[in-house]
2 protein chains.
Amino acid sequence: MKRIQIYDTTLRDGCQGEEVDLTVESKLAVAERLDAFGVSYIEGGWPGSNPRDAAFFEPAMALGLRNATVVAFGSTRRAGVSADADSNLAMILQAGTRAACVVGKTWDLHVREALRVSREENLDIIHDTMRFLAANLDEVIFDAEHFFDGWQASPDFTVECLKAAADGGATLLCLCDTRGGSLPGDITAGVAAAVGAVDTPLGIHCHNDGEMAVANSIAGVQAGCVQVQGTVNGVGERCGNANLVSIVPNLQLKLGYECVGERELQSLTELSHFVDELANREPNKSQAYVGRSAFAHKAGLHASAVRRQAQTYEHIEPGIVGNHQRVLVSDQAGRSNLLYKAKELGIDPAELEPKVAELLEELKELEHKGFQFEGADASFELLLMKAINGEKLRHFELVGFRVINEKRHENEEPIAEATIQVRGPDGELEHTASMGNGPVNAIDSALRKALVKFYPAIEEMQLVDYKVRVLDDKRGTEGMVRVLVESHDPSGHWTTVGVSPNVIEASWQALVDAIDYKLYKDGKRAKAAGEAAATNTA
Amino acid sequence: MKRIQIYDTTLRDGCQGEEVDLTVESKLAVAERLDAFGVSYIEGGWPGSNPRDAAFFEPAMALGLRNATVVAFGSTRRAGVSADADSNLAMILQAGTRAACVVGKTWDLHVREALRVSREENLDIIHDTMRFLAANLDEVIFDAEHFFDGWQASPDFTVECLKAAADGGATLLCLCDTRGGSLPGDITAGVAAAVGAVDTPLGIHCHNDGEMAVANSIAGVQAGCVQVQGTVNGVGERCGNANLVSIVPNLQLKLGYECVGERELQSLTELSHFVDELANREPNKSQAYVGRSAFAHKAGLHASAVRRQAQTYEHIEPGIVGNHQRVLVSDQAGRSNLLYKAKELGIDPAELEPKVAELLEELKELEHKGFQFEGADASFELLLMKAINGEKLRHFELVGFRVINEKRHENEEPIAEATIQVRGPDGELEHTASMGNGPVNAIDSALRKALVKFYPAIEEMQLVDYKVRVLDDKRGTEGMVRVLVESHDPSGHWTTVGVSPNVIEASWQALVDAIDYKLYKDGKRAKAAGEAAATNTA
């Protein structure tokens, strides 16, 4: 089983992505996760390009990573300056890493038009830079920028550049598809040429401008590269870098290469979501291997086959990468989907069975209004319980609420104040008020304040995410609005949904479901614990 | 130049995607766009599976499409029923198309475990179904489900299935990577086996479970397939289908195949966004070829090289697929990015030059607060104008507003009522009020009502989208909130941004910028028109 080095550049090239912006603290947290996942290299930043990148290295070296080598990135020395006088290279050494990765030009057009030096000078620049860094560091990787474009345009010169780096002491030459437009055939041919020209180990660094970065990286490995550079979730400039989250399982599970440990591979889904969370990106539900939908089955036909034998519609066992199977409820879902879903939620399918036809009708109608339960399991479970019990589970009754938002001067923040009156489980009235950072926050806060009197457990519950979606894009704030509320307590997370043309009403529905679900779930757990205790003493 | 048939299944397989749900009207609108784009086939739905799919075909046949053949989808006859007595096949014929695509099993495991018939019976089922449909239609495509898995497990049987379809009269055999887990090498080998076994033309149908669907589809074509099945933007179940939006330009621009006309290819970006809009999906900014970031440059180094020579960091000229280059403003952006951006907005870089250092500082600070101008060009332009003119452009002054949201009964929709007082350009006060579907809508509506008295042009302006993002996911509705408002008038669209811990304040900032930008832009246009008129009479 051949070992392939995984080289992560999420913290450097990934941060070129339009919406990716990591603080130093976030970068350190990502580095720790990457190390635990088992990558071989973590490129931490370009110390010469901005202060935030430079600030990463000192605390990073203090993390005591077990698996990964931290790498400082930079570019070859400037023209007309000796390597030991180049401030950029000095900053690489100041980073205090044992390895560096340095990008240099290998496309004649680029040398002529962008760098504006002669071919010979470019070769000297590469050679000097490598020699200088190799004398000071354990490992020096040469990133051959535009290697594949260069090799197509003038193969001799591009290969000369590789040789200059190898002669200078580069420990690995990484072949870059910088523009991201190559196809696997181009990669195979280019890598083969490099294999024929130098003895130094090779790496592959691809971008996704043709939606080919994963395939190209794998073609690179198959042609002889021993290192793959990429980013978590494929974040990066333009269309992104090669996605390590797909590359690692493809190499390991499909082609028998060894990248990370088997147990580490099980944290792939978690790693992917962690990086999205820190980068404040909505995870891509359809992402290969780790997406929430990656093993989700909607069509009635597929779903029933999957229940019988998962491998008919699943290319791998989802647990291998830390993901799991889901069966979706939707318009297209049939009876069997619904019963499967009930079972997944711990509801006895036999109890639900007689109500299924009615429930399917109701679901269809709600989805027509704009409800979507695929992302709101808690609201869906409440709906199932309503079908079984004949009426909606409610723990309190609203008498009324009012929220006032007021702004009195151009430069003054508006205030939001909610008053609310509710009736508790035994008919008692509670009337209270709260401020908030906006109308929904004020209502949420007043509502909990009122209910905690009847249900102290509400204290431990928190709102962790609040999403608003205007369903009919044509009408701006006048359209139907779907609100998703994610709540959290010490035992887990749940999501609820509300839909209305009025954002306050939609939010209210989702908040009420969140509280009803919390109390229902606590009751269910208490009952299960009671039964378990009864069994133990029996 | 070899012609490749593009077979779109957005309306059938694409609608299996978790968040894709198209009405019949939307499906018809997509069909017209696909036809105009030049696809060869449009799979409209599975008439036997749900009423919505069945309802598509009658109006679809009446559209009078010029390029595309509409195809009805179905599955092979049931076991134990003759083809002419099978209701599913009858519904295909009732759809009234001249072509059908029928899926049949070709993996022995699937035949045994899912269909539960003998291998011989499966061959009969395929053969009968094809013969029955071929006698009634011009074209019958056989979708060989699980072809690649089947071919790996028991190649002889899988090839027998293809032969049964060909003997029955199938006009094309489409090889399906149903689980989406194959790699290009598997595809190449499988297609080669099929090419060797049958004379019927072949197609390729891939799924993206290994992030390989585009590469696999292209490997299929290179191995001899003449048809590619896929969906717009790769929508579809689990990780999606093969993305035609990447496949078409890869085949046409990189490999010299002919799929659609050159002019039609220029509508690729528009087609992609149109389908996302109808499916109510947020377009993927990083999508290859058509994403908003696909030709966006953030890094100062790249951006300055791109300005000199676009091909250094762009694999194709963006206009070929209807996209365009963007240079981003961000923390990492340097002076040259900013000047380029100003020029793009029609602002004289020389005017801005002396203020650049100060402006970069201000941008950094605003971005630190959570502002993001990458998606809010109008707010950014106002910021540039402020830097040049020394103070912020404002057309009115807020004296104060108040919004009341009130809900008086469980089953009553809440009301939202805003009152507002503003001071106009000559100091006149205007005090008015409006209802709305929520607090922001009520404020927006009261504000315009007040301002239209001073600025009648505000009448023609509309809010078309309103997006809220909680920036710190840890704190729920208490976090910083970023609001993006998209506005529209007869001359175009513009987007503005606001950030605050209070959603009402953030919305207010974005609304004010939207109005200020509208009036500023009208003034700029009037001035340009005046100058043009002066030049013409000179």
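Take A:L63, push a point 7 Å out from Cα through the beta-carbon direction, and compare it with the same point in every other copy: 5.1 nm, smallest first.
Using the Cβ-Cβ distance between A:K453 and B:V452 with R0 set to 35 Å, the FRET efficiency works out to roughly 0.15. Of all lysines in the structure, the ones whose alpha carbon falls short of 18 Å from that of A:K105, not counting any fewer than 8 places away in one chain, are A:K163. Closest approach to the axis carrying A onto B, counted by Cβ on chain A and given in whole Å with its residue, is A:A215, 2. A crude spin-label estimate for the pair B:E113 and B:I388, with each label 7 Å from Cα along the Cβ direction, gives 6.7 nm.
Computed over neighbours whose Cβ is under 15 Å from that of A:A153, the net charge equals -4, Lys and Arg +1, Asp and Glu -1. Normalised by 2.2 N^0.38 Å, where N is the number of residues, the alpha-carbon radius of gyration of the protein assembly as shown equals 0.97.
Helices in chain B, meaning DSSP H runs of at least 4 residues, each add -39500 (n - 2.57). Divided by all residues, the mean residue ellipticity at 222 nm is -12500 deg cm²/dmol. In this structure, A:E362 and A:Q266 have a Cβ-Cβ separation that, at R0 = 51 Å, corresponds to a calculated FRET efficiency of about 0.85.
Qualifying GluC sites (Glu not before Pro) in the range B:222-268, where qualification requires a DSSP coil assignment and no more than 13 other C-beta atoms within 10 Å, are lacking entirely.
The long axis of helix B:24-37 is offset from the longest Cα principal axis of chain B by roughly 80 degrees. Over all pairs of different C-alpha atoms, the range B:397-534 has a mean inverse distance whose reciprocal, the Kirkwood radius, equals 16.3 Å.
Taking a threshold of 23 Å on the Cα-Cα distance, which of the pairs A:K467/B:K521; A:K364/A:K386; B:K343/B:K364; B:K369/B:K449; A:K355/A:K392; A:K343/B:K27 fall above it? Over 23 Å Cα-Cα: A:K467/B:K521; B:K369/B:K449; A:K343/B:K27. Each peptide in A:421-431, B:284-294, B:55-65 receives the mean, over its residues, of other Cβ atoms within 10 Å, and ordering these scores from highest gives B:284-294, B:55-65, A:421-431.
Cα-Cα pairs above 16 Å in the range A:137-184: how many percent?
38
Remark: the B:V81-B:E413 segment gains 114.1 nm on full extension, using 0.36 nm per residue and subtracting the alpha carbon distance. For the range A:49-113, the Cα-based Rg and Dmax, in that order, read 14.1, 43 Å. Over chain A, all Cα pairs binned in 20 Å intervals from 0 give whole-percent P(r) values of 19, 41, 29, 11, 0, listed from short to long.
For the range A:397-534, what's the relative contact order in percent, using C-alpha pairs closer than 8 Å and at least 6 residues apart? Once divided by the residue count of the range A:397-534, the mean separation gives 14 percent.
What is the Rg over Rh value, at two decimals, for the range A:5-260, using alpha-carbon atoms and the Kirkwood definition of Rh?
Working: Rg = 16.8 Å, Rh = 17.9 Å.
Rg/Rh for the range A:5-260 comes to 0.94.
Across the range B:138-250, the convex hull enclosing all Cα atoms gives 91 Å³ per residue. With the cut-off at 17 Å, report for the range B:351-409 the share of all Cα pairs above it, as a whole percent. Counting every Cα pair in the range B:351-409, those more than 17 Å apart make up 55 percent. Shown is the FRET efficiency for A:A350 and A:T23, computed with R0 = 60 Å from the Cβ-Cβ distance and rounded to the nearest 0.05: 0.70. When B:E351 is represented by a point 7 angstrom out along its Cα-to-C-beta vector, the spacings to that point in the other copies are 7.0 nm, nearest first. Take every pair of alpha-carbon atoms less than 8 Å apart whose residues are at least six positions apart; their mean separation over the length of chain B yields a relative contact order of 9 percent.
Counted by Cβ distance under 13 Å from B:T69, the other residues give a net charge of -3, where Lys and Arg count +1 and Asp and Glu count -1. Sorted from closest to farthest, the other copies place their B:G492 label points 5.1 nm away, with each point set 7 Å from Cα along Cα→Cβ.
FYI, it's all coordinate maths here, none of it is from the lab. Everything numeric in this text was worked out from a predicted model, so none of it was measured. Reconstructed Cβ throughout: ideal geometry from the backbone, glycine too, with neighbour counts over all protein chains shown.
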